[in-house]
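**Student:** Here's a structure for you.
The values are calculated or read from the model by the stated rules, or taken from the named source; none is laboratory data. Values in this document were obtained by computation on a predicted structure and should not be read as measured data. Because the Cβ atoms are built from the backbone with ideal geometry, glycine has one as well, and the counts that use them run over all protein chains shown. Areas reflect the complete protein model, heavy atoms only, side chains present, ligands, DNA and RNA absent. Shrake-Rupley method; radii C 1.70, N 1.55, O 1.52, S 1.80 Å.
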Amino acid sequence: MIFVHSGFPCTIMAIEKCEALLIAFPEILSLCNSYIPEVVEHKKYICETLFYPLPVKRYISLWIQSLQVLACELGGYHSLMKNKVQELFLMLKICYPKEELTSFLCPVFSYNYEFTLFILNNYYKVKTVGELAELSTLSLSGFEKEFRKVFGTSPYRWMLNKKTKKLLHDISATDKLFKVIAEEYEFVSLSQLGDFCRKHFGTSPREIRNKKRVKQ
């Protein structure tokens with residue numbers, strides 16, 4: 001199992017027949033504070049990988065089965081589902097060492113979680129660093145200073161990196177027309193989209209998509 005932070009585009013490809021269970025945690029930080037506070041206290045532990053997968057241990061597997069019964073056979077009830085999520089966090093605490101849990105949940109434990117959450121929930125809504133700073137109500141200089149503390153790089157470089165990753169995802173993992181992609185990313189022409197791809201990915205949009213299809 002993996003933890004994917006809000007606002008992070010993620011594509012999962014199954015190599016054999018399987019089932020996937022997606023669970024959303026709208027109050028992830030309060031859940032961590034309430035049920036596994038040792039992990040929060042241990043947050044100086046640094047995770048160097050984007051995802052830190054954990055094996056699904058026996059008790060977690062049984063929990064998943066009970067959730068499937070609740071969702072499928074009983075139709076799911078809001079209050080019960082909330083209790084099941086709380087139960088999951090208690091089981092995580094029991095089944096895994098705090099170092100592994102901290103790595104698993106590492107996106108939550110940033111220097112300033114509220115600021116991190118604001119950025120992840122809003123960066124794709126704006127076109128420039130200035131617009132994002134204005135949304136944050138901080139001055140541009142104050143915003144850039146806080147951004148560097150939290151993300152370790154400039155907001156411009158970070159937003160450009162996010163743009164390139166999302167663009168690569170849309171080219172390689174969707175069937176969107178290149179004309180539509182160019183318009184969504186505000187390239188003035190298909191040739192400008194092509195130039196951007198060659199600069200950042202070393203090849204053209206068409207070649208990126210064709211290589212992806214060959215691998216599949």
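**Student:** If Asp195 satisfies every condition in (1) at pLDDT 95 or above; (2) not in a helix (DSSP H, G or I) but one, which is the exception?
**Tutor:** Status for Asp195: all satisfied but (2).
**Student:** Could you give every pair whose Cβ atoms fall below 7 Å, whose first residue belongs to region 13-30 and is assigned to a loop (DSSP other than H, G, I, E, B), and whose second residue is among the β-branched types (Val, Ile, Thr) and open to solvent by less than 100 Å² (accessible area, probe 1.4 Å), counting only separations of at least 6 or pairs across chains?
**Tutor:** Here the result reads Leu21/Ile64; Phe25/Val85, each pair linking region 13-30 to a residue that is among the β-branched types (Val, Ile, Thr) and open to solvent by less than 100 Å² (accessible area, probe 1.4 Å).
**Student:** Moving on to the next point. Does Glu99 fit the bill of being acidic (Asp, Glu), exposed (fewer than 11 other Cβ atoms within 10 Å of the Cβ) and at pLDDT 70 or above? Lay out the reasoning, then the answer.
**Tutor:** Details: acidic (Asp, Glu): yes; exposed (fewer than 11 other Cβ atoms within 10 Å of the Cβ): no; at pLDDT 70 or above: yes.
No.
**Student:** While we're here: Are any residues in region 177-209 of a type in the set (S, T, N, Q) and more than 20 Å from Lys127 (Cβ to Cβ), and if so, which ones? Give the steps one after another, and end with the answer.
**Tutor:** Pass one, region 177-209, residues of a type in the set (S, T, N, Q): 189, 191-192, 203-204.
Selection gives Ser191, Thr203, Ser204.
**Student:** Filter region 136-150 for residues that are free of Cβ contacts under 8 Å to residues at least 40 places away in the same chain and under 20 Å from Cys106 (Cβ atoms); which is surrounded by the most Cβ atoms within 10 Å (Cβ to Cβ)?
**Tutor:** Quick first cut of region 136-150, residues free of Cβ contacts under 8 Å to residues at least 40 places away in the same chain only: 136-149.
The next check asks that each one be under 20 Å from Cys106 (Cβ atoms); those that pass are 146-149.
Values: Glu146: 18, Phe147: 25, Arg148: 13, Lys149: 12.
Per the stated criteria, the residue is Phe147.
**Student:** Another question, then. Taking the stated definitions as given, is Arg209 surrounded by 12 or more Cβ atoms within 10 Å (Cβ to Cβ), of a type in the set (D, E, K, R) and over 25 Å from Ile28 (Cα atoms)?
**Tutor:** Working: surrounded by 12 or more Cβ atoms within 10 Å (Cβ to Cβ): yes; of a type in the set (D, E, K, R): yes; over 25 Å from Ile28 (Cα atoms): yes.
When the stated conditions are applied, Arg209 passes them.
**Student:** Given the residues Val85, Val129, which is the only one that is aliphatic (A, V, I, L, M) and either open to solvent by 30 Å² or more (accessible area, probe 1.4 Å) or within 27 Å of Ile12 (Cβ to Cβ) (or both)?
**Tutor:** On the way: Val129 fails: either open to solvent by 30 Å² or more (accessible area, probe 1.4 Å) or within 27 Å of Ile12 (Cβ to Cβ) (or both).
Just one listed residue meets the conditions, Val85.
**Student:** Scan region 130-152 residue by residue and report those that are within 18 Å of the chain's Cα centre (by Cα) and outside any helix (DSSP H, G or I).
**Tutor:** Gly152
**Student:** Let me ask another. What number of residues within region 68-86 satisfy the criterion of being under 23 Å from the mean Cα position of the chain (by Cα) and either modelled with pLDDT of 80 or more or not in a helix (DSSP H, G or I) (or both)? Working first, answer last.
**Tutor:** Restricting attention to region 68-86, the residues satisfying the condition of being under 23 Å from the mean Cα position of the chain (by Cα) are 81-82, 84-86.
Checking the rest, the ones that are also either modelled with pLDDT of 80 or more or not in a helix (DSSP H, G or I) (or both) come to 84-86.
Residues in region 68-86 being under 23 Å from the mean Cα position of the chain (by Cα) and either modelled with pLDDT of 80 or more or not in a helix (DSSP H, G or I) (or both): 3 in total.
**Student:** Got a sec? Which of Tyr45, Tyr59, Tyr52 is open to solvent by 70 Å² or more (accessible area, probe 1.4 Å), in a loop (DSSP other than H, G, I, E, B) and modelled with pLDDT of 75 or more? Show your work before the answer.
**Tutor:** On the way: Tyr45 fails: modelled with pLDDT of 75 or more; Tyr59 fails: in a loop (DSSP other than H, G, I, E, B).
None of the others qualify; the one that does is Tyr52.
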